[in-house]
Amino acid sequence: MRYLFLTVLLLTFLSGCASNIPLEIRQDITDSPVSINAASKDIDQYQGKQVRWGGTIASVENRKDDTWIEVVGKELNSWGEPVFSDESGGRFLVRVDGFLDPAIYKADRGITVYGTVESRVVGQIDDYSYNYPLIKAQSHYLWSDYARRRYYVYPYYPYYPYYYPYQYGFHFGYGHGYYPRYRFGLHHHYYW
């Protein structure tokens, strides 16, 4: 009976660890990955190839039977999440079957797409003519806004020599040898 309980508990725990990110998004393409710039320059060479690209959404257009998403390409980390930086690998279009709500799939959200390179679409970015590679999405994942906030760097904390007031956990300010002193009218922290 005890082993049955432990087995059920272990299986429950392990099922909670399962990821909701599709496997195609988490795993990199092993055979000769295609870059966005290479595909936009020579679409005929890469047509029909499987790609895993990602970035931030620039715009969403719902059509009669599908949705087209314009994505500003970004480098992907090891589990397929776009790395938010000022560098871009180019832009691409994604064609997803069905309706996607533009209020959810809004500009600046991170997205990763797994699919097939279909064709080249000539579009406009302001007055500039741009060649977009068009991807037929087989799977896609919309990253949460929290993913961008996770990399926030806290500003300098004004009380020298400590930079962030909560760096010592919940014990900060209570016991464990901490006694505040006031010196020259400023609050400095000393440990005895």
Can you tell which of 58, 103 is without any contact (Cβ under 8 Å) to a residue 24 or more places away in the chain, hydrophobic (A, V, I, L, M, F, W, C) and assigned by TED's automatic domain parsing to the domain that holds residue 142?
103
Go over the candidates 129, 119, 139 one by one and state the one that is within 21 Å of the chain's Cα centre (by Cα) and of a type in the set (S, T, N, Q).
139
Residue list for the stretch 124-145, restricted to those being in contact with a Leu (Cβ under 8 Å, 6 or more places away or on another chain), farther than 13 Å from residue 114 by Cβ and not hydroxyl-bearing (Ser, Thr, Tyr)
133, 134
Considering only residues that are out of contact with any Ser or Thr (no Cβ under 9 Å at 6 or more places or on another chain) and in a loop (DSSP other than H, G, I, E, B), look in the stretch 102-130 and name the one that is nearest to residue 55 (Cα to Cα).
106
Within the stretch 63-77, which residues are in contact (Cβ under 8 Å) with a residue 12 or more places away in the chain and either closer than 19 Å to residue 35 by Cβ or buried (at least 20 other Cβ atoms within 10 Å of the Cβ) (or both)?
69, 70, 71, 72, 73, 74, 75, 76
Exactly one of 24, 87, 70 is acidic (Asp, Glu) and part of a helix (DSSP H, G or I), and that one is 24
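The values are calculated or read from the model by the stated rules, or taken from the named source; none is laboratory data. Every value quoted in this text rests on a predicted model; they were computed, and no experiment measured them. Cβ atoms come from the backbone with ideal geometry, glycine included; neighbour counts cover every protein chain shown.
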